[in-house]
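Data block below; observations after.
Each value in this text was obtained by applying a stated rule to the coordinates, not by laboratory testing. All values derive from a computational prediction rather than experimental measurement. Cβ coordinates were reconstructed from backbone atoms using ideal geometry, including for glycine residues, and neighbour counts include every protein chain displayed.
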């Protein structure tokens, strides 16, 4: 397997990780891992195309192209499929199809809508990571072709029977993980915290451009001492923090699926999440969590307060999550992908007619 991706500063241009060759092409304007500018996305396609053209022989053994994100990766994947004469499997994620927090979201831009429609119709097979992503693609891009749903898989990292350990037996610790960007809705979570009892605390893990504004908001709401901004953390560190929390909160305005929700389920946490996105494939009320409308701090506070007051309910939800996470075992995910790859490799590149009107 070869992964062709963009290269933020500080990472090797080429390396082998667990037998996977990772190639990172230069992306101008990519200054950090949390965000990518329009320039960086365009540069990724340009530099990736140059790399493919110059090193075409290095990819001779590739049998299937699998692009993740229609934008910005889709054009490069489509080029690779044509250049190497290989079938193209496109995986659509979420923000590449629909992001209500951005004026530049592809669903709002006529040109990007046409690009997305072409990329999705041009691919030999299309996979959506959630029912929401599939629905958004069909809604905004007029896609009439089949789109398969394969949720991102998850590999549990704990030993069976291991129980989460609360940080503060007397208090109630909330945790949320993600890039500190508008789409994650962390500002609404900070506002909700101000409506909750003083022994409710919040840990935010992640970095991004909204960090300063969120810290100012926490100070203005009088909860700065109750919010811990931990910045970027490794997956192992995130797992340890999850196991020391009492409740996971997903406050996103929209989410493609939510890998951290799976990690929270694995840690045995109840989940409070917004109902706009792929997380609805994971959270089944009242079994393992509570769903609320996005951008509604009061509703978010009420849902958290329900679990704060009823710890038995919170524990039952957490127990159910530790059971339900088994349905998302990454081995099942891998087998579904392999079945698709084998099928498309055996049939060759299909002839797809795209109506660009």
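Miscellaneous remarks
- Those residues of segment 73-100 whose amide nitrogen sits under 20 Å from the label point placed on residue 293, 7 Å along Cα→Cβ: 99-100
- For percent of Cα pairs over 27 Å apart, computed directly from the structure shown, the correct entry in [x] 50; [y] 41; [z] 47 is [x].
- Theoretical gain in end-to-end length, residue 145 to residue 111 [0.36 nm per residue, Cα-Cα removed]: 10.2 nm
- Among 99, 343, 246, the order by Cβ neighbours within 10 angstrom, fewest to most, reads 343, 99, 246.
- Separation in nanometres of the label points that stand 7 Å from Cα toward Cβ, at residue 259 and residue 39: 2.8 nm
- Between segment 254-291 and segment 313-346, the Cα center-to-center distance that results, in Å: 14 Å
- Computed over the chain: relative contact order in percent, which uses C-alpha pairs under 8 Å that are six or more apart: 15 percent
- Length added when fully stretched, residue 83-residue 198, from 0.36 nm per residue minus Cα-Cα: 35.4 nm
- Beta bridge orientation in the chain: antiparallel %, DSSP, nearest 5: 10 percent
- Taking 299, 267, 137 as the candidate residues, the one with maximal mean-square fluctuation in a Gaussian network model of the chain, Cα springs under 10 Å, is 299.
- The simple spin-label model puts a point 7 Å past each Cα toward its Cβ; for residue 334 and residue 213 those points are separated by 4.1 nm.
- Note on the chain: helix-only mean residue ellipticity at 222 nm, from DSSP H runs of 4+ residues weighted -39500 (n - 2.57) and normalised by residue number, equals -11500 deg cm²/dmol.
- In segment 172-327, the DSSP beta bridges split such that about 5 percent are antiparallel, to the nearest 5.
- Cα long-axis angle, helix 131-141 against the chain (0 to 90 degrees, to the nearest 10): 50 degrees
- Normalised by the number of residues in segment 172-327, the average gap of Cα pairs under 8 Å and 6 or more apart makes the relative contact order 24 percent.
- Label point distance in nm, residue 46-residue 131, each placed 7 Å from Cα along Cα→Cβ: 4.3 nm
- The angle between the Cα long axis of helix 297-309 and the main principal axis of the chain comes to about 60°, on a 0 to 90 degree scale.
- Computed from Cα atoms, the angle from the helix 330-347 axis to the main principal axis of the chain rounds to 20 degrees.
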